Structure formats: C-alpha cells, structure tokens
Amino acid sequence: MSEILIGTNPDKPQIVGSVDFSKAVEEKARQLPIPSGYRILCAIPETEEKFEGSDLVKPDDLIKKDEILTTVLFVVALGPDCYKDSTRFPSGAWCGEGDFILVRPNAGTRLVIHGREFRIINDDSVEAVVQDPRGISRKFI
C-alpha cells in the first residue's frame, strides 16, 4: 500500500488516500481502448536496444524511429465487425488475437498508454501473419 499525491503545487501536495498497487496493474489493463467496427487494436513489440550481433547500444532517437516505423505488430483485440464482410474476406479472418502481423510502416492511429505505444488499424491493413517476428525488420534505403 502506498499514498497517492495529487495537485500541481509540489510545495503543497494533497494526499488523497492509499492504493493497493496490485489493483493498479488491473486498472491499466482496463484502460486499453476497445476497437470499434472493423478496427484492430495492436501493440508494438519491444524494440531491441542493441544492434544485432553486437554490444553497441542504439541511441534513443533510433529506438523511437524503429518503433514508429515498425512493420510488425501484436494483435491485442479485434473490433466486432472485423472480417464479417464475406465478399471482402471470402476465406475468413486474416488474423486473430495473439497473432503477430505485418503492416506497412506508419499504418494506423498511434496512441501511447502508460508509456507503451499501440496502434489501431483497419482489418484490411494486415499484409501477413508471422509465427516468429524476431529477425524481421524493414528495409532501410
């Protein structure tokens, strides 16, 4: 248990009460948006902090660019209308919750929740499902 401080004046913080932080993790999970319609909520996988095959650490701005331009996403949730149109998706759903998928760089709506980036993409933005996303990177010019 710990106390939560609120207010904008650091000289006079207001103690609101105590919070059980085990419940705080549950609350964070509930704060994820529920995708509507034909949209898919995706998380961005963790970016490697070192260059592949070396001990060199990537600069923070390069890690941020890798996250922004990533082509691999993790499917968190599907909207209620995803893949329901049998004329557009005659073979059924292209992906499901828990899949790693490939999309174009900058695809979807970017949002950050508790320091973690998520994307909301359209169901037809999925280009492929991959079993193991390790080793997949976008091509630099």
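Annotations for the structure displayed:
- Pairs with Cβ under 8 Å, 6+ apart, first in segment 31-51 and of a type outside the set (A, V, I, L, M, F, W, C) and modelled with pLDDT under 90, second in a loop (DSSP other than H, G, I, E, B) and buried (at least 18 other Cβ atoms within 10 Å of the Cβ): Pro45/Thr70; Thr47/Thr70
- Residue match in segment 99-110 (condition: within 22 Å of Gly37 (Cβ to Cβ), touching a residue at least 24 places away in the same chain (Cβ under 8 Å) and touching a Phe, Trp or Tyr at 6+ places or on another chain (Cβ under 7 Å)): no
- Matching residues, segment 50-95, being surrounded by 13 or more Cβ atoms within 10 Å (Cβ to Cβ) and not hydrophobic (A, V, I, L, M, F, W, C): Lys58, Lys64, Lys65, Asp66, Glu67, Thr70, Thr71, Gly79, Asp81, Tyr83, Lys84
- Flag for Asp81 being among the acidic types (Asp, Glu) and assigned to a loop (DSSP other than H, G, I, E, B): yes
- For segment 96-127, residues that are surrounded by fewer than 14 Cβ atoms within 10 Å (Cβ to Cβ) and at positive phi total 4.
- Any chance Ile4 is surrounded by 11 or more Cβ atoms within 10 Å (Cβ to Cβ) and either at pLDDT below 80 or among the β-branched types (Val, Ile, Thr) (or both): yes
The values are calculated or read from the model by the stated rules, or taken from the named source; none is laboratory data. Note that this is a predicted model, so its numbers are computed, not measured. Cβ coordinates were reconstructed from backbone atoms using ideal geometry, including for glycine residues, and neighbour counts include every protein chain displayed.
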